[in-house]
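Q: Shown below is the structure under consideration.
The values are calculated or read from the model by the stated rules, or taken from the named source; none is laboratory data. Computed from a predicted structure; not experimentally measured. Positions of Cβ are backbone-derived with ideal geometry, glycine not excepted, and every protein chain shown enters the neighbour counts. Only protein heavy atoms, including side chains, enter the accessible area calculation; ligands, DNA and RNA are left aside. Shrake-Rupley method; radii C 1.70, N 1.55, O 1.52, S 1.80 Å.
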Amino acid sequence: MTIRELVIDYHTIAQEIKMLESQKKDLKARIDLALAAEDTNKFQDGQYSAVLSSSQRVKYDLEGIEHLLLHKGIPTTSFLASKVDLKKVESLIAEGLVDPLEIAAHTEVKTIKTLTVKEGA
């Protein structure tokens, strides 16, 4: 195979993967709706099982937290490594120097749904 043929094959497969990922996302949403309509998060028959689970993910605005802590007069050595060190921020909260609600103002919580499908259930 020539390099051109390899590149064309790669591009073709990449496009197919995008299309399949889109179809997979659509099916997951439809399964979510179907399971919700039945007030469950599980499906099982003789051949397949599916479980839709939810989890929380927290995204921190580290620059916002850094600005907050600097504004409070807390020295950077108390919360910075190369960026805001969340373990050190937890220590500041534990020491009572920072209110957890102030940090919460710089967070975003997202619910992530994970679909697990197994054959031969």
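Q: Looking at (1) touching a Leu at 6+ places or on another chain (Cβ under 9 Å); (2) among the hydrophobic types (A, V, I, L, M, F, W, C); (3) open to solvent by 80 Å² or more (accessible area, probe 1.4 Å), which is the one condition that is false for Val89?
A: Every listed condition holds for Val89 apart from (3).
Q: Those residues that are farther than 30 Å from Lys28 by Cβ and of a type in the set (Lys, Arg), I need them from segment 51-93; list them, please.
A: From segment 51-93, those farther than 30 Å from Lys28 by Cβ are 62-93; that's our starting set.
Lys72, Lys83, Lys87, Lys88, listed by residue number.
Q: Now, a different point. In segment 2-55, which residues are among the polar types (S, T, N, Q) and either in contact with a helix residue (DSSP H, G or I) (Cβ under 8 Å, 6 or more places away or on another chain) or within 19 Å of Leu115 (Cβ to Cβ) (or both)? Before you say what the answer is, go through the steps one by one.
A: Step one: filter segment 2-55 for residues among the polar types (S, T, N, Q), giving 2, 12, 15, 22-23, 40-41, 44, 47, 49, 53-55.
Correct list: Ser22, Gln23, Thr40, Asn41, Gln44, Gln47, Ser49, Ser53, Ser54, Ser55.
Q: Give me the pairs: first residue in segment 95-121 and open to solvent by 80 Å² or more (accessible area, probe 1.4 Å), second residue among the β-branched types (Val, Ile, Thr) and part of a strand (DSSP E or B), beta-carbon distance under 7 Å, and six or more apart or on different chains, which are they?
A: Val109/Val58
Q: Write out, first by first residue and then by second, each pair whose Cβ atoms fall under 6 Å of each other, whose residues are 6+ apart or on separate chains, and whose first residue, in segment 24-44, is hydrophobic (A, V, I, L, M, F, W, C) while the second is open to solvent by 60 Å² or more (accessible area, probe 1.4 Å).
A: Taking only residues 6 or more apart or on different chains, the pairs are Leu35/Asn41.
Q: Being touching a strand residue (DSSP E or B) at 6+ places or on another chain (Cβ under 8 Å) and either over 18 Å from Leu62 (Cβ atoms) or among the charged types (D, E, K, R) (or both) is true for just one of Leu86, Leu115. Which residue is that?
A: Working: Leu86 fails: either over 18 Å from Leu62 (Cβ atoms) or among the charged types (D, E, K, R) (or both).
Selected residue: Leu115, the only one of Leu86, Leu115 that is touching a strand residue (DSSP E or B) at 6+ places or on another chain (Cβ under 8 Å) and either over 18 Å from Leu62 (Cβ atoms) or among the charged types (D, E, K, R) (or both).
Residues are listed down the side, and each one gets a yes or a no for (1) of a type in the set (A, V, I, L, M, F, W, C); (2) closer than 25 Å to Thr111 by Cβ; (3) open to solvent by 90 Å² or more (accessible area, probe 1.4 Å); (4) modelled with pLDDT of 95 or more:
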| position | (1), (2), (3), (4) |
| --- | --- |
| Ser22 | no, yes, no, yes |
| Ala36 | yes, yes, no, no |
| Asp45 | no, no, no, no |
| Ser54 | no, yes, no, no |
| Val58 | yes, yes, no, no |
| Asp61 | no, yes, no, no |
| His71 | no, no, yes, no |
| Ser78 | no, no, no, no |
| Val84 | yes, yes, no, no |
